[in-house]
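The values are calculated or read from the model by the stated rules, or taken from the named source; none is laboratory data. All values reported here derive from a predicted model rather than from experimental measurement. Because the Cβ atoms are built from the backbone with ideal geometry, glycine has one as well, and the counts that use them run over all protein chains shown. We work out accessible area using only protein heavy atoms, side chains counted, and drop any ligands, DNA or RNA first. Shrake-Rupley method; radii C 1.70, N 1.55, O 1.52, S 1.80 Å.
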Amino acid sequence: MTQPAAAPVTPRRLDPEDAQHALAEVQERLRRQQLVEDLVHRQEQGDDKASLVEDLVHRQHEAELKALVDALHPADIAFILESLPKDERQTVWKLVSPEHDADVLLEVEDWVRESLIEAMDRQDLVAATGNMDADELADLAPDLPPDVVAEVQKGLTEEERAQLLEAMGYPEDSVGAIMDFEMVRVREDVTLEVVLRYLRRLHELPDHTDQVFVVDRQDKLQGVLPLSRLLVSEPETEVHAVMSTDFLTLNPLDSDADAAGAFERYDLVSAPVMDDQGRLIGRVTIADVVDVMREDSQEQALSRAGLQEEDIFAPVAMALRNRAPWLLFNLCTAATASFVASRFEDTVSHIVILAFLMSIVAGIGGNSGNQTMTMIIRALAVGRITGRNLWQLVKREMMVTFMVGLCGSVVAALFAWAISDSIAIAVVMMASMICNMLVGASVGVLVPMVRARFGKDPAIGSSVLLTFATDSLGFFIFLGLATVFLL
């Protein structure tokens, strides 16, 4: 009697703590493998027995490591690969099952993907990408060798090839670059029973399908049919009677950040993408939007420090090229602040306590400006700042900063009075602290706004410019007031 075939086992997805535990296991197995190999290499050269032992141990460790990796979800494999140095990363990557290659390549960060693709030969790349959807292949195409892309295109249908070329033709940060071509379309003149029969014939529904798109014979979008309404309505009802004509649509040239904002605002799971003629050409899902939000958040955090995304295990020379420019600029700004302070050498030599207090003025001004800058960058990112509300926003930030500075400066003045026993120094401390916080707020508003006005990323290097302003002007204001009123 023939036994029924066992269902394929799908690798489970780990939670963050489990993924870190799996990473620790992989690192431990790699360490033990290296340790054994080092011990065997210490044996006499040409020792056949030592070579045999090394080969057996190496095979055993590889088998254990492969079994561990095969049990992981592709997203967790990607996390492990991103967390390993390049040599160990390549060792683990060679053990990943071929059926997971495509999923892992789509999950890993760009800076890791490049090194993984470099380690694969042409045949393996063609095999890994041959079964990808057009939108997925478009994501990888910039990192793939041109001959591999050309070879994969040969295996696509005319429709898939057209979709691939279309997706590759849109700008990187546009809706067209992230849209999905897999979706369910129906006509408005059929009954819900016909729609249900059609859905049952499908092998599976596209991921994150929460609605069916209603189109005419020219593929022009007429409405959307939520699955919840499809399931609870009478089967004899025609689609046009229950479809919704009030829905949000996206254009392929829209910004992906704007699309992410719309998903967040309207709690969407998917949204149709229409061309200028009103034809349905794709859809964007919540999975695409989450990726956009995560990438934008990472880029913003790095940009504020003047950094670009890099491999954390990249060669030193590459890291220097990434970090050195803004650090050198920061060195220049720090030198400027020191030069400003040196112009008041006589003041500091007469009132030594000022040398200990001026760092407080600069630091508080920088922190205050950083708060304002963070709010402005966030507001710009979600499109909440317009020409009409800009001045009102500036006035509000100045008022908030002044009130916070007034309260904080009282505490700072009491501290200055306590350690100097001088009311005059306390008053100078209070006034300079308020002034420098207003300087920080002004820079926190102006730097992102000016960069955004000229089409630049408002976050790039913003913290470096803010530190320059609050340090230099903070020292100038504090020591200048001290020179005028205390000497």
Look through the range 423-445, keep the residues that are small (Gly, Ala, Ser) and touching a residue at least 24 places away in the same chain (Cβ under 8 Å), and return whichever of them is nearest to ILE351 (Cα to Cα).
ALA424
Selection from the range 92-112 of residues in a loop (DSSP other than H, G, I, E, B) and crowded, with 19+ Cβ neighbours inside 10 Å yields VAL96, VAL108
All helices (runs of 4 or more DSSP H) inside the range 210-305 with 2 or more residues being within 30 Å of PRO448 (Cα to Cα) and modelled with pLDDT under 95:
256-266, 286-303
Qualifying positions in the range 130-170 - in a helix (DSSP H, G or I), of a type in the set (A, V, I, L, M, F, W, C) and surrounded by 16 or more Cβ atoms within 10 Å (Cβ to Cβ)
ALA134, LEU137, ALA138, LEU140, ALA141, VAL148, VAL149, VAL152, LEU164, ALA167, MET168
Give just the number: which of (1) buried (at least 17 other Cβ atoms within 10 Å of the Cβ); (2) not in a helix (DSSP H, G or I); (3) not aromatic (Phe, Trp, Tyr) does THR386 not satisfy?
(1)
Report yes if ALA413 is closer than 27 Å to VAL348 by Cβ, part of a helix (DSSP H, G or I) and open to solvent by 30 Å² or more (accessible area, probe 1.4 Å), otherwise no.
no
Filtered residues of the range 321-369 (kept if over 21 Å from VAL427 (Cα atoms) and not in a helix (DSSP H, G or I)):
ARG343
If I go through the range 322-348 residue by residue, how many of them are under 21 Å from ALA482 (Cα atoms) and either outside the structural domain of SER462 (by the TED database) or of a type in the set (S, T, N, Q) (or both)?
4
When you look at VAL184, is it closer than 18 Å to ASP135 by Cα and β-branched (Val, Ile, Thr), yes or no?
yes
Just one of (1) in the same structural domain as THR285 (by the TED database); (2) over 20 Å from ASP246 (Cβ atoms); (3) assigned to a helix (DSSP H, G or I) trips up LEU205, so point out which.
(3)
Given the criterion touching a residue at least 40 places away in the same chain (Cβ under 8 Å), among the small types (Gly, Ala, Ser) and out of contact with any Asp or Glu (no Cβ under 9 Å at 6 or more places or on another chain), identify the matching residue among GLY474, GLY387, GLY455.
GLY474
Just need a number here: residues in the range 70-91 that are under 22 Å from GLU136 (Cα atoms) and either loosely packed, with under 15 Cβ neighbours inside 10 Å or not charged (D, E, K, R) (or both).
9
Considering the range 432-457, residues that are of a type outside the set (A, V, I, L, M, F, W, C) and surrounded by 24 or more Cβ atoms within 10 Å (Cβ to Cβ), and then whichever is modelled with the lowest pLDDT, we arrive at PRO448
Right, GLN27: open to solvent by 60 Å² or more (accessible area, probe 1.4 Å), in the same structural domain as ALA128 (by the TED database) and either at pLDDT 75 or above or closer than 21 Å to GLU118 by Cβ (or both) or not?
yes
State which residue is nearest to TRP391 (Cα to Cα) when the search covers only the range 441-475 and only residues that are under 22 Å from the mean Cα position of the chain (by Cα) and in a loop (DSSP other than H, G, I, E, B).
PRO458
Restrict the check to the range 147-156 and report whether at least one residue is at pLDDT 85 or above and under 25 Å from the mean Cα position of the chain (by Cα).
no
Considering (1) over 21 Å from ALA381 (Cβ atoms); (2) surrounded by fewer than 14 Cβ atoms within 10 Å (Cβ to Cβ); (3) touching a helix residue (DSSP H, G or I) at 6+ places or on another chain (Cβ under 9 Å), say which one LEU248 fails and leave the rest.
(1)
Could you tell me which numbered condition MET120 fails, if it satisfies all but one of (1) touching a helix residue (DSSP H, G or I) at 6+ places or on another chain (Cβ under 8 Å); (2) assigned to a helix (DSSP H, G or I)?
(2)
Restricting attention to the range 172-223, the residues that are in contact with a His (Cβ under 8 Å, 6 or more places away or on another chain) and surrounded by 14 or more Cβ atoms within 10 Å (Cβ to Cβ) number exactly 4
Members of the range 265-282 that are more than 23 Å from GLY383 (Cβ to Cβ) and open to solvent by 60 Å² or more (accessible area, probe 1.4 Å)
GLN277, ARG279
Out of ALA6, ALA67, report the one residue that is at pLDDT 85 or above and open to solvent by 60 Å² or more (accessible area, probe 1.4 Å).
ALA67
